[in-house]
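Undergrad: Before I ask anything, here is the structure I am working with.
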Amino acid sequence: MKINGTAFRTIWLAKDGIGVEIIDQTRLPHEFVTITLRSMADAALAIKDMWVRGAPLIGATAAYGMALAAREDATDAGLKRAYQLLHATRPTAINLKWALDEMLAVLLPLPETARVAAAYGRAAAICDEDSAQNAALGEHGAALIKAQHQAKQRTINVLTHCNAGWLATVDWGTALAPVYKAFDAGIPLHVWVDETRPRNQGASLTARELNWHGVPHTVIADNTGGHLMQHGMVDLCIVGTDRTTRNGDVCNKIGTYLKALAAKDNNVPFYVGLPSPTIDWTVADGVKEIPIEERSAREQTHIFGKDADGKVTEVQVTPDGSPAVNYGFDVTPARLVTGLITERGVCAASYKGLRGLFPERG
Ligand code: MRU
C-alpha cells in the first residue's frame, strides 16, 4: 500500500535487525503512528490489545514474537513458554496457531545457537508468503468483479464487513485484494463499508485504506446492507475470515452472518477471501467448534472519535449501569457462502471444494 507516495507493509523489521515495526492500528484513522516491538511480551500485547489485528497479521506478528522470544531464551522450554503466551492472546483467528506451529516446527530441531537467525528467517518468509497468497487470491477475486462488470456494463458495488484489507494482512488484504486488483485494472467499482461496531474496523480502517488507495467507497451503518441488497444496490459481498472449517463454515467479525442471510434472501453472491493458513482442517462444524472471542463490554458501551478541536476522545453511549456483551465473531454456515477465494482459485464452500484446491490436505 502506498501512503503519500511511500510503499508500506503493515509489519517490517526495524533498521537494527532486531526490533519489529508495526502500525498502531488503534490510532487510525486519525493518526499514523508506528511502534517498535522489542520483546516477545511487546508482541503479545500488540496482538491482545489490537495494535495489530486481522487474522493474517496476527499470525505474522506472532511469528516475529517467536523470533524475539528466541533472542530472550532459545531453549526448548523458553520457546514453548513463548508459544503458550502468544497463543493465549486471541482465541479465534487460526492464523495465530498456524504461525506459531510453523515457528516451532522450524526451531525445535535446530541447535539453540542456530535458532535466532532461523526464527527471523521463517518470520520474514511467513510475511512474504502472506503477501504473495493475498496477491494471488486478489487476482482470482478480481475476475469475479470483472465478470460482473462485463455482464452489467456499469459500476460494480461490493459490500464488505469489518477490515479484511491491507491493514489486516501483511500486504494486499483478503476481501479487499480483489477490490484493489480490479480497481487497478480499471474496473469501475464502489465499496459499501459496514462500519462494524463495536470497534468500527470498517469505518476507521477499511475506509482509511480505501481512501489512501483512491477507491470510491461509502461508510454505512451496520444494519444498512439488507436494505441496499433489496434495492439492487449490492452486486456482490466479499468478506474475510478468521477461521474457515474444512467443510467451508466461515467464522468472521460479528455481523457477517446477518449479511450472508440478507445476501441469500436477495440472490446476492456472498464470497469469502482467505489465504490457506486461515483454513482449520481440524474443525468440521464452525458453529459448534470454533471458540468465539468475548472482548471487554467497554468496547460496546464506549466509542472513540475526533472532536471539533481534532482531539481523539472516548465517549460513553449507554446509560450508566446498563450491562453490555461483546462477542467478537460469528459463524456463517457454508450453505450461505457462494464461494471461497483462495490463492489457488475459487471453490465451493465445502470439503469437496477445498480438497479440490488443496489435495495434499488428504
Ligand atoms: O477483531 P479483528 O479486527 O482482528 O477482526 C478482523 C476480521 O474479522 C477480519 O475480517 C478477518 O481477520 C480477516 S482478515 C484478512
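Undergrad: Does Asn157 fit the bill of being in contact with a His (Cβ under 7 Å, 6 or more places away or on another chain) and either within 30 Å of Ala221 (Cα to Cα) or crowded, with 19+ Cβ neighbours inside 10 Å (or both)?
TA: yes
Undergrad: From the list Gly321, Gly310, which residue is at pLDDT below 95, on the phi > 0 side of the Ramachandran plot and outside the structural domain of Met50 (by TED's automatic domain parsing)?
TA: Gly310
Undergrad: Sticking with this one: Tell me, which residue of region 259-276 that is touching a residue at least 40 places away in the same chain (Cβ under 8 Å) and in a helix (DSSP H, G or I) is surrounded by the fewest Cβ atoms within 10 Å (Cβ to Cβ)?
TA: Leu261
Undergrad: Can you pull out the residues in region 79-102 that are small (Gly, Ala, Ser), more than 10 Å from the ligand (Cβ to nearest atom) and either under 17 Å from the mean Cα position of the chain (by Cα) or more than 18 Å from Arg122 (Cα to Cα) (or both)?
TA: Kept after step one, since they are small (Gly, Ala, Ser), are these residues of region 79-102: 82, 88, 93, 99.
Among the residues that remain, those that are also more than 10 Å from the ligand (Cβ to nearest atom) are: 82, 88, 99.
Scanning region 79-102 gives Ala88, Ala99.
Undergrad: What number of residues within region 177-193 satisfy the criterion of being surrounded by 22 or more Cβ atoms within 10 Å (Cβ to Cβ) and among the charged types (D, E, K, R)?
TA: Number satisfying all stated conditions: 1.
Undergrad: With Val234, Val331 as the choices, which residue is aliphatic (A, V, I, L, M), in contact with a strand residue (DSSP E or B) (Cβ under 6 Å, 6 or more places away or on another chain), within 16 Å of the ligand (Cβ to nearest atom) and closer than 26 Å to Pro56 by Cβ?
TA: Val331
Undergrad: Just name the residue that is farthest from the ligand (Cβ to nearest atom) out of those in region 194-228 that are crowded, with 24+ Cβ neighbours inside 10 Å and of a type in the set (A, V, I, L, M, F, W, C).
TA: By that ranking, first place goes to Leu210.
Undergrad: Looking at Ile94 and the list (1) surrounded by fewer than 21 Cβ atoms within 10 Å (Cβ to Cβ); (2) within 23 Å of Gly273 (Cβ to Cβ); (3) in contact (Cβ under 8 Å) with a residue 24 or more places away in the chain, which single condition is not satisfied?
TA: Among (1) surrounded by fewer than 21 Cβ atoms within 10 Å (Cβ to Cβ); (2) within 23 Å of Gly273 (Cβ to Cβ); (3) in contact (Cβ under 8 Å) with a residue 24 or more places away in the chain, the lone unmet condition for Ile94 is (1).
Undergrad: Show me the strands (runs of 3 or more DSSP E) entirely contained within region 277-361 in which 3 or more residues are surrounded by 14 or more Cβ atoms within 10 Å (Cβ to Cβ).
TA: 302-306, 329-332, 339-342, 345-347
Undergrad: Quick test for you: out of Thr113, Thr92, pick the one residue that is over 21 Å from Val283 (Cβ atoms), of a type in the set (Ser, Thr, Tyr) and modelled with pLDDT of 95 or more.
TA: Working: Thr92 fails: over 21 Å from Val283 (Cβ atoms).
Testing whether each residue is over 21 Å from Val283 (Cβ atoms), of a type in the set (Ser, Thr, Tyr) and modelled with pLDDT of 95 or more leaves just Thr113.
Undergrad: Give the residue that is nearest to the ligand (Cβ to nearest atom), with candidates limited to residues of region 237-258 that are in contact with a Cys (Cβ under 9 Å, 6 or more places away or on another chain) and not in a strand (DSSP E or B). I'd like the intermediate steps shown before the answer.
TA: Here is the first cut: in region 237-258, the ones in contact with a Cys (Cβ under 9 Å, 6 or more places away or on another chain) are 239-245, 248, 252-256.
Cutting the leftovers down to not in a strand (DSSP E or B) gives us 240-242, 248, 254-256.
Numbers: Gly240: 3, Thr241: 6, Asp242: 4, Gly248: 16, Ile254: 8, Gly255: 10, Thr256: 8 Å.
In this case the residue turns out to be Gly240.
Undergrad: Return the residues of region 290-324 that are acidic (Asp, Glu) and over 20 Å from the mean Cα position of the chain (by Cα); say none if nothing qualifies.
TA: Matches in region 290-324: Asp307, Asp309, Glu314, Asp320.
The values are calculated or read from the model by the stated rules, or taken from the named source; none is laboratory data. If you're wondering where the values come from, they're calculated on a predicted model, not measured in any experiment. Note that each Cβ is placed from the backbone with ideal geometry, even for glycine, and that neighbours are counted across all protein chains shown.
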